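First up is the structure itself, then whatever we jot down about it.
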Amino acid sequence: MTEDHRNEQQKNDPQSGDIARRDFMALSVSSGLAASAKSAAAAADIVETDVEIKTPDGTCDAAFIRPKTGSYPGVLLWPDAFGLRPAMRGMAKRLAADGYSVLVPNPYYRISKAPFTDASNFSFQNPADMAKLRPLMASVNAPGNGEKDAVAYVAFLDAQKEVDKARKIGTQGYCMGGPLVVKTAAALPDRIGAGASFHGGGLVTDKPDSPHLLAPKIKARMYFGIASNDDASQPDAKDKLKEAFAAAKVSAEIEVYAGALHGWCVPDMPARNGAPIYNKPDAERAWGKLIALYKVALA
């Protein structure tokens, strides 16, 4: 129907436009209800269990989140500096709804059980807050600890009936979790099929144990999403990452998210200098990259 015909019809029947609008609204409401019902159904089909995992250094408390029935690719989700908490569990539930069995460890189990702090009340500008965080981060970042933990966590996943051992495992990490993804992929090259780092910190350093130097040990497909302010403070890091993985002949996509700040993917990330860090459009774009990577590399 042409625009002229529609206008003529509304002149002859003034209620026709109202009917069309009512029909549109009814369709919109039903679509919304259907989407809500689908989300509710997906949530009902997800199982979340608190578990304990033996490691060489003690017992790690963790969350194991997966679909209610079936066997799926395993995923190791490394949290950011705020550790195991509802925001990370939420990401794991979303992954599980897409068909993955996900482990989210408490990276600070050597010091205390999770959770440690409400991320939304944390201030990067508060020396007292930072003083609490540094020793926690040091406990998992100490030489060899990340690798030991990764081996234990992957062994746990492979022991679960909800994990399909015939398919590769994926691993993703945020902020401090980024280097842990690289260490995991290097420590278990024959088991890890995909690794994704989002606003990872310390991926490229001038030390002999810099994570990017592990590229020759990795067989997984890799993705690195870099925050714009991280790139501004270390503009050569992306180039060194590209060079290292290219030289090792490892598939790696590296991109800078223009305008996105360090921490942009995590919903409960506290504001910095009064400005929000979480960026939903860019977080969704990053999530799309993650799922696309897993669909290809964990098939």
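The values are calculated or read from the model by the stated rules, or taken from the named source; none is laboratory data. This is a predicted model, so every value here is computed, not measured. Cβ placement follows ideal geometry from the backbone for every residue including glycine, while neighbour counts extend to all protein chains displayed. Quick note on the areas: whole protein, heavy atoms, side chains included, nothing else; ligands and nucleic acids left out. Shrake-Rupley method; radii C 1.70, N 1.55, O 1.52, S 1.80 Å.
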Report yes if Lys238 is under 26 Å from Asp158 (Cα atoms), without any contact (Cβ under 8 Å) to a residue 40 or more places away in the chain and surrounded by fewer than 24 Cβ atoms within 10 Å (Cβ to Cβ), otherwise no.
-> no
Only one residue in Arg89, Arg110 is in contact (Cβ under 8 Å) with a residue 24 or more places away in the chain and touching a helix residue (DSSP H, G or I) at 6+ places or on another chain (Cβ under 9 Å). Which one?
-> Arg110
Of the listed residues (Ala142, Ala159), the one being open to solvent by 50 Å² or more (accessible area, probe 1.4 Å) and without any contact (Cβ under 8 Å) to a residue 24 or more places away in the chain is Ala159
Kindly indicate whether Tyr108 is surrounded by 20 or more Cβ atoms within 10 Å (Cβ to Cβ), at pLDDT 95 or above and over 26 Å from Pro189 (Cβ atoms).
-> yes
Of these, Ile192, Ile226, which one is at pLDDT 95 or above, open to solvent by 10 Å² or more (accessible area, probe 1.4 Å) and of a type in the set (Val, Ile, Thr)?
-> Ile226
Under the condition of being surrounded by 18 or more Cβ atoms within 10 Å (Cβ to Cβ) and of a type in the set (A, V, I, L, M, F, W, C), which residue from region 255-274 is nearest to Ala194 (Cα to Cα)?
-> Cys265
So which of Val181, Val154 is surrounded by 15 or more Cβ atoms within 10 Å (Cβ to Cβ), touching a Phe, Trp or Tyr at 6+ places or on another chain (Cβ under 8 Å) and under 20 Å from Thr55 (Cα atoms)?
-> Val181
Those residues of region 59-96 which are touching a strand residue (DSSP E or B) at 6+ places or on another chain (Cβ under 6 Å), surrounded by fewer than 19 Cβ atoms within 10 Å (Cβ to Cβ) and of a type outside the set (D, E, K, R), in sequence order | Thr59
All but one of (1) in a loop (DSSP other than H, G, I, E, B); (2) farther than 23 Å from Lys207 by Cβ hold for Arg110; which doesn't?
-> (2)
Could you pull out every one of the strands (runs of 3 or more DSSP E) wholly within region 188-273 that has 1 or more residues that are among the polar types (S, T, N, Q)?
-> 192-198
